[in-house]
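Each remark here refers to the structure printed beneath this line.
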Amino acid sequence: MKISLYFILTLLFILAIFGFAQAQKNTITLLDQKSKLPVAYAHIAVKGLKSNSEQYLLSGENGRSEILIMEASSVSISFVGYQLFTDTIQPGENITVMLYPATFDVDEVVVTGQLEPIRVDKSIYKIKVISSKEIMDRAANNMNELMSTELKFRTFNDGILGSSISIQGLSGNNVKILIDGVPVIGREGGNIDLNQLNLSNVDHIEIVEGPLSVIYGSNSLAGAINLITKENKYYRNKFTLNNYYESVGVYNVDALVTTKKKNSTYTLSGGRYFNQEFDINPELRSTLWKPKEQYFSDFKYQYNSKKSKLSVTTSLLREFLLDKSEPYDYYKENVTDVHLTSYRGTLTASYDRFVASDKLLSYVASYSTYYRLNDKYSKDLTTLDQIQMSSDKTIANALLFRGLWKNFGEGKKFNYQFGYDSNIETGWGDKIEGGKKNMGNYAIFWSGQIKPTSKINFQPGIRVSYNTDFESPLVPSLNIKWSPNEIVDIRASYVRGFRAPTLKELYMDFFDSNHNIRGNTELKAEHGNNFNLALNFNTDKLHKIHYSNVKVDFYYNRMENNIELAQMDEATLFYSYVNIANFSTLGGFIQFSYKFHPFMKFSAGIGRNGFTNSLGEEQFKLDDYLFGTDVSGEVQFTLVRFDTDISFFYKYNGKLPQFSFGDEQDLEYSYMGEYHTMDVSLNKRFWMNKINLSLGVKNLFDNYNIESFGIGGGVHSGGGSMPVSWGRTWFVKLNLNLNSLYQSS
């Protein structure tokens, strides 16, 4: 009897504890605020307010999840396409959270040039964000593919030097390209090769349209492109694998693995990208698109605590490109091939420390190196024997030291940041005059935000710098943002820019079968003035599931001693860097976007870009500008029930004005012809978003070479062509994501 009573009491005690535990379980239900549909697979982070214990989970297919909460906790919910939700939750409390959709890109949080992480619509700068979902929708492998159909941007291709980009009519060294805020080095012909910027480890991209000369100094008068790499916030372990095939002969594979232990996170990624040679004429040995192979790897260690964040990253890239020649002797048995091997490495350490809740100290130290080896071989096609004829190398190293003191707070009337920059660049090699050259640039800068009311924001700034080779002027800036009501934002800015010539522009010579580029030691430093005006109308708060956005932008750049890579002799393909005494760009864009959430989104835009230049001091008139027109459009249909997106990306690239130097060293003008391009993709998600399959067609209109033509009236009337793509292709991409959520107690 005693045993039976003991057994019953024990059983009742166990049931009571089980029932108590069950009673304490919290149910969190996630719904879309506009469509009222459940939001599946969103990340839910719960952190105890006293114990700091962390729990992470995903919402189920019905938007619901259950979690045992033993104390008052903070809850944060995030998901791609939705605004971040934060609140507190009590033990046993059941909540229904209405997640608000991110409208276009205005709800994305950005960091480039900011005093603190801030939503795009709150930023004083005009910023475009390309999210991880957009990168996946486009099945883009590198920056060149991603930007090829974007309005306001033009991309250009070269078989040897790679691809480049222009913003507001300015390109080359006027576009700052960064990875996690660290400048990318290794420019060829004045440009960073966008094909070398793979997107395998990129979370999103922030593009500041317009100058950031005060914050980032040289190379940023046209704008800045900042690639933000992935950061593990939720997973104990995560593994990602991508396989990509394109019908022209592209074979890509990359992988990422990350693990989180307490406050430390370790991430390792890498891959191999390869494309075969291709030319529209299959009989040619010297193809326009060279065979190319890339190997790359990245490692990141991150330590996070309540008040500080430490990050150490290393990135490595090796690219091999084979430049074949046509047989040149009588029997067509011998050729001269060039092996181009490029190496890029970066080691970066950054440390952020909150001195107080509204005061931050930030430090960055980085060492970057870029190595390019040019080996020339004589090859016998009958025996396949080859003899090395010559070998030359070029090496560029850069040291960066950067520090910031930030005083910020959303409710403050006055915020500011003060910082210093030290950039030391060294270049040496067989094609650099004197064998080795150095240049240093040291600067201090300040910018402040003045908010007299909640509707208006002023941000003046100034940069004082010293360059070891050129006299540096003061660089002032003024940004203004006015929000008269909840749907209208108006931004205006003025920035004075300065850029010293780079070591390569001054001293380096580059020769191959297609290029004869020579440095110019007589170059002068660039000076520029940039004006921007942008209007944004966002009707999100006025409609439930239908909303729209209209953006109108205008810009004007006036450059003195603008440095351009110009063709000096068409017969010998001789190029050199020259100063254009006066160079000006002028343009405007209007873009309309519409969303029928969550089923369809649409955008269309048109822009006019113009430029004019002179070797003298004359003042420009509107009639002096040569203009081109660009049109872009994007449509995406989402089949919610089938977890499928169908996307169309279109761009009309209007005729593009160009210039070169004539036989008498006067400016001659021509146009690159117009062309249309379109990409189509289908993305299907399987197995709770763990597998994503992408299928599609790129360059639907089958563009290859675009002809150029001269402008009448007695000026240059020669022709030519420029490669824009390797023609119409189809692709397939498979993405696999495996993970386990992190929990700590």
Q | Cβ-placed point charges (K, R +1; D, E -1), dipole of the chain about Cα centre in debye, nearest 20 | A | 4160 debye
Q | J(HN,Hα) series, segment 589-602, from Karplus relation 6.51 cos²θ - 1.76 cosθ + 1.60, nearest Hz, glycine and proline x | A | 9, 9, 9, 10, 10, 9, 10, 10, 6, x, 9, 7, 9, 9
(Q) Quick one: 3J(HN,Hα) in Hz for segment 40-57, Karplus 6.51/-1.76/1.60 with θ = phi - 60°, rounded, Gly and Pro as x. (A) 8, 6, 6, 7, 10, 10, 10, 10, x, 6, 9, 7, 6, 5, 10, 9, 10, 7
(Q) Given axes a ≥ b ≥ c from the Cα gyration tensor, I'd like to know whether segment 22-99 is rounded (a/c under 1.5), prolate (a/b larger than b/c) or oblate. (A) prolate
Q) Ordered by packing density, taken as the mean number of other Cβ atoms within 10 Å over each peptide's residues, highest first, how do 204-211, 346-353 rank? A) 204-211, 346-353
Q: Restrict the search to segment 637-708; then list the GluC sites (Glu not before Pro) that DSSP places in a loop and that have at most 13 other Cβ atoms within 10 Å of their Cβ.
A: 664
Q | Per-residue [θ]222 nm for the chain (sum of -39500 (n - 2.57) over DSSP H runs n ≥ 4, rounded to 500) | A | -1500 deg cm²/dmol
Q: In nm, give the distance between the simple-model label positions of residue 47 and residue 272, each being 7 Å from the Cα along the Cα-to-Cβ direction.
A: 4.2 nm
(Q) Suppose the chain between residue 520 and residue 284 were pulled fully straight at 0.36 nm per residue; how much longer would it get relative to their current alpha carbon spacing? (A) 81.5 nm
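Taking neighbour Cβ counts within 10 Å as the exposure measure, how do 380, 679 sort from fewest upward?
Numbers: 380 12, 679 24.
Ascending number of Cβ neighbours within 10 Å: 380, 679.
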Q: Show the residues, 5+ positions off or on another chain, whose built amide H is closer than 5 Å to the amide H of residue 181.
A: 227
Q) What is the calculated FRET efficiency for residue 326 to residue 70, with r their C-beta to C-beta distance and R₀ = 60 Å, to the nearest 0.05? A) 0.20
(Q) Only counting other Cβ atoms within 10 Å, I'd like 369, 287, 453 sorted with the fewest neighbours first. (A) 453, 369, 287
Q: Return the sequence-ordered ³J(HN,Hα) values of segment 156-169 in whole Hz as given by the Karplus equation 6.51 cos²θ - 1.76 cosθ + 1.60 applied to θ = phi - 60°, using x for Gly and Pro.
A: 10, 10, 9, x, 9, 7, x, 10, 9, 9, 10, 10, 6, x
Q: Please list 149-156, 278-285 highest first by mean number of surrounding beta-carbon atoms within 10 Å per residue.
A: 149-156, 278-285
Q: Sticking with the crude label model, points 7 Å out along Cα→Cβ, report the distance from residue 309 to residue 482 in nm, one decimal please.
A: 3.4 nm
Q: Could you please rank 676, 597, placing first whichever residue has the fewest other Cβ atoms within 10 Å of its Cβ?
A: 676, 597
Q.
Multiplying the sequence separation of residue 355 and residue 581 by 0.36 nm and subtracting their Cα-Cα distance, what value in nm do you get?
A. 76.6 nm
Q. What FRET efficiency do you get for residue 262 and residue 701 if R0 is 51 Å and r is their Cβ-Cβ distance, rounded to the nearest 0.05?
A. 0.45
Q | the chain: angle of helix 2-24 to the longest principal axis, Cα-based, in degrees nearest 10 | A | 40 degrees
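Sort 640-648, 319-327 by the packing proxy (mean of other Cβ within 10 Å over each peptide's residues), most packed first.
Per-residue mean Cβ counts within 10 Å order the peptides as 319-327, 640-648.
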Q) Any idea how far apart residue 111 and residue 36 come out in nm if each label point goes 7 Å out from Cα toward Cβ? A) 4.0 nm
Q: Pull out the extension gain between residue 558 and residue 430, defined as 0.36 nm times the separation in residues minus the alpha carbon to alpha carbon distance; nm, one decimal.
A: 42.5 nm
Q) Can you give the FRET efficiency for residue 600 and residue 343, using 1/(1 + (r/R0)^6), R0 = 35 Å, r = Cβ-Cβ distance, to the nearest 0.05? A) 0.15
Q. So for the chain, Kirkwood radius off the Cα pairs, Stokes-Einstein at 20 °C and 1.002 mPa s: how many µm² s⁻¹?
A. 76 µm²/s
Q: Could you tell me what percent of the DSSP beta bridges with both partners in the chain are antiparallel, to the nearest 5?
A: 95 percent
Q | Residues with amide H under 5 Å from that of residue 497, placed H, sequence gap 5 or more | A | 528, 529, 530
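No value in this document is a laboratory result; all are computed from the given coordinates. In this text, all values refer to a predicted model and were calculated from it rather than measured experimentally. Glycine gets a Cβ as well: all are built from the backbone with ideal geometry, and neighbour counts include every protein chain shown.
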